[in-house]
Amino acid sequence: MTAPFLQIRGIRKDYGKVTAVQDVSLEIRRGEFLTFLGPSGSGKSTTLYILAGFQDPTAGDILLEGRSLLSTPSHLRQIGMVFQRYTLFPHLTVAENIGFPLKVRRKSRAEIDAKVKQMLELVRLEGFEDRRPSEMSGGQQQRVALARALSYDPPVLLMDEPLSALDKKLREEIQHEIRRIHQETEVTILYVTHDQEEALRMSDRIAVFSKGVIDQVGTGSELYAEPATRFVAEFIGDSDFLSCAVVASNGQSADIRLGDDWLVEGVPLHARGGGRNEGALLLRPERVQLHRNQPAATGALPVRVDDLTFLGSNVHVATTTGWGEPVAIRLPFGHDAIDGLSRGDTVWLGFDPRTAHVFC
Amino acid sequence: MLLHFERLGSWKWVLVGITALTTAFLLLPILFIAALSFGSSQWLIFPPPSWTLRWYREFFADPRWIEAAWTSFKIAALVTVFSVGIGLCASFALVRGRFKGREALKALFLTPMILPVVVLAVALYAFFLRLGLNGTVTGFVIAHLVVALPFSILAITNALEGFDKSIEDAAVLCGASPLEAKFRVTLPAIGHGLFSAAIFSFLTSWDEVVLAIFMASPTLQTLPVRIWTTLRQDLTPVIASASTLLVLFTILLMMLVALVRKGFKS
């Protein structure tokens, strides 16, 4: 087996006494679109800046095709980057901006012109050659920045929240563009965002950052269906947590008690040390079943309906347990269980233990 | 706007009057000296009995005046070069640097703006006596640099603070070395600041008189010093023409500034 394309090995970054990145290790395949997802201050941008060479790690190494990048200064790393802020060179035209990396590489005039033309086609901005950055919208500027970062065919493209300054509609449009450009160029992309929807929409895999470490790496559906930590469960998708008591566990799964007397057996368990018997049960809104009457065979939890919200294809039912914890349920429009349901009604919640998770 | 100029009614004319008076107050002395420079009277009589270009001919015929003007220009040009160069380096340290006492250092750099110039002049004079720099171009340039640098630093730090460092980082990732990125991207982007710094430095030196009087020697005089010393010896209208030329050159420079500023904006 050959060495992975890009390897991040045990990266750590301290600022004085503060540790921004604790121990980040990751392997990225050639041509992969991998997103660093996490809240601000989780270390995702720091990791990206270490890759770019703007910061040196306190410990660890970065290998591109088996060779360490750390001793190579930024301008020789051949890495492309699109920044959060607009970074087009204000005194140059669009064509000069895109041609800049080739110009500093002393390419011929003809070669630069051909590449600029090709790049403008790639980002669909033909005819904008002679514009100045100040004459363009934010979305157009970021597309030019993308063209500039790709003009020298870098093996790796870093993107640091490039769309965070744009409005939602434009953001979604450019997300599609980036996805298409990724497929056309087959460049390896490392993308930083705090927007889970953006991460889910674009990435092959997502690395979820929390407090300087990667909690979990996986595809969007893996993270959603099998979250490794409570943080991941909360960060990806909608979730409800119910406090429960862990009655018995074998390390892999647990038997839990919900409320006073409902015993649920065989719920997948994610324990972080300690033998605490207080746990949190994760329920996804679309996995929760709603019964109008107490089911006879299986166990169920009585809850009170607080609110019903019609959202087109979905109906959200907001409920509260007897001990005051909220649970949201999402049902398709027209589902039998909602027919005639109104506020204040008592309904029973059920779920398949195998699709739930307990964190403790 | 609550106070709309068009809706002020007759109050409008009061404002117009005040503006006119202020303008007159600022401009009249200059117009007065310009008028005198074209007047035929030996004794600077106003209004001039008749008009002549004689004083300008005398100005250009007298090598001492021409030499003084040339000295002024030479010193101002040197001050401009050093002021922008040093100001640029200092500004990078003040804006990009992360060290203790940065704010204090910036304040210190700006003190010559508020320090009485005559105090500075006496101090420099005493200091230069030891070094033998009085009456030399070097002495002049250093003295003027002290008062020009604050303007330069102010203009360049302002421009640099308004420049997003990420743009320079982007240039570096594009393959430009850190130095190349500064020359190809950062400096052109803060060009308006550098230009302002250059103009202010030049003008500061060009019409500076207090320091210049201390630094001057009988053989090395700037134009303002020459005007000053001539004024004390005899009251020839050549002074008026020299002053008019001095003002004219300054006005031309300011017009150039306006033109270039417009260019930077578009």
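Figures for the structure shown
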| quantity | calculated |
| --- | --- |
| Among (1) within 14 Å of another protein chain (Cβ to nearest Cβ); (2) part of a loop (DSSP other than H, G, I, E, B); (3) buried (at least 22 other Cβ atoms within 10 Å of the Cβ), the one test that A:SER42 misses | (1) |
| 1 or more residues over 30 Å from the mean Cα position of the chain (by Cα): qualifying strands (runs of 3 or more DSSP E) within region A:300-360 | A:301-311, A:314-321, A:346-350 |
| Residue in region B:151-161 that is among the hydroxyl-bearing types (Ser, Thr, Tyr), crowded, with 20+ Cβ neighbours inside 10 Å and assigned to a helix (DSSP H, G or I) present | yes |
| Matching residues, region A:239-254, being of a type outside the set (A, V, I, L, M, F, W, C) and in contact with a Pro (Cβ under 9 Å, 6 or more places away or on another chain) | A:SER239, A:ASP240, A:GLN252, A:SER253 |
| Selection from region B:150-175 of residues that are among the small types (Gly, Ala, Ser) and under 29 Å from the mean Cα position of the chain (by Cα) | B:SER152, B:ALA155, B:ALA159, B:GLY162 |
| Count of residues meeting criterion [among the aliphatic types (A, V, I, L, M), surrounded by 11 or more Cβ atoms within 10 Å (Cβ to Cβ) and over 28 Å from B:VAL247 (Cα atoms)] in region B:73-106 | 6 |
| Members of region B:100-125 found to be over 18 Å from B:SER205 (Cβ atoms) and in contact with a helix residue (DSSP H, G or I) (Cβ under 8 Å, 6 or more places away or on another chain), listed by number | B:ARG102, B:LEU105, B:LYS106, B:THR111, B:VAL122 |
| Per-region count, region A:56-99, residues of a type in the set (A, V, I, L, M, F, W, C), within 22 Å of B:LEU179 (Cα to Cα) and in contact with a helix residue (DSSP H, G or I) (Cβ under 8 Å, 6 or more places away or on another chain) | 9 |
| Contacts under 6 angstrom Cβ, first residue in region A:154-183 being assigned to a strand (DSSP E or B) and modelled with pLDDT of 90 or more, partner buried (at least 21 other Cβ atoms within 10 Å of the Cβ) and among the β-branched types (Val, Ile, Thr), 6 or more apart | A:VAL156/A:ILE79; A:VAL156/A:THR188; A:LEU157/A:ILE189; A:MET159/A:VAL82; A:ASP160/A:VAL192 |
| Which listed residue is at pLDDT 95 or above and of a type outside the set (Val, Ile, Thr), from A:PHE128, A:PHE33 | A:PHE33 |
| Residue that is nearest to B:ALA76 (Cα to Cα), among those in region B:151-182 that are touching a Phe, Trp or Tyr at 6+ places or on another chain (Cβ under 6 Å) and more than 9 Å from chain A (Cβ to nearest Cβ) | B:PHE151 |
| Segments classed as helices (runs of 4 or more DSSP H), wholly inside region B:1-116, with at least 2 members that are in the same structural domain as B:ALA143 (by TED's automatic domain parsing) and within 21 Å of the chain's Cα centre (by Cα) | B:63-96, B:102-110 |
| Residue in region A:87-130 that is farthest from the chain's Cα centre (by Cα), counting only those that are within 13 Å of chain B (Cβ to nearest Cβ) and under 20 Å from A:LEU166 (Cα atoms) | A:PRO90 |
| Residue in region A:64-86 that is surrounded by the fewest Cβ atoms within 10 Å (Cβ to Cβ), counting only those that are more than 14 Å from chain B (Cβ to nearest Cβ) and among the small types (Gly, Ala, Ser) | A:SER71 |
| Checking A:GLN55 against (1) surrounded by fewer than 21 Cβ atoms within 10 Å (Cβ to Cβ); (2) assigned to a loop (DSSP other than H, G, I, E, B); (3) in contact (Cβ under 8 Å) with a residue 24 or more places away in the chain; (4) more than 14 Å from every other protein chain (Cβ to nearest Cβ), the condition it does not meet | (4) |
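The values are calculated or read from the model by the stated rules, or taken from the named source; none is laboratory data. These numbers come from a predicted model, not from an experiment. Glycine gets a Cβ as well: all are built from the backbone with ideal geometry, and neighbour counts include every protein chain shown.
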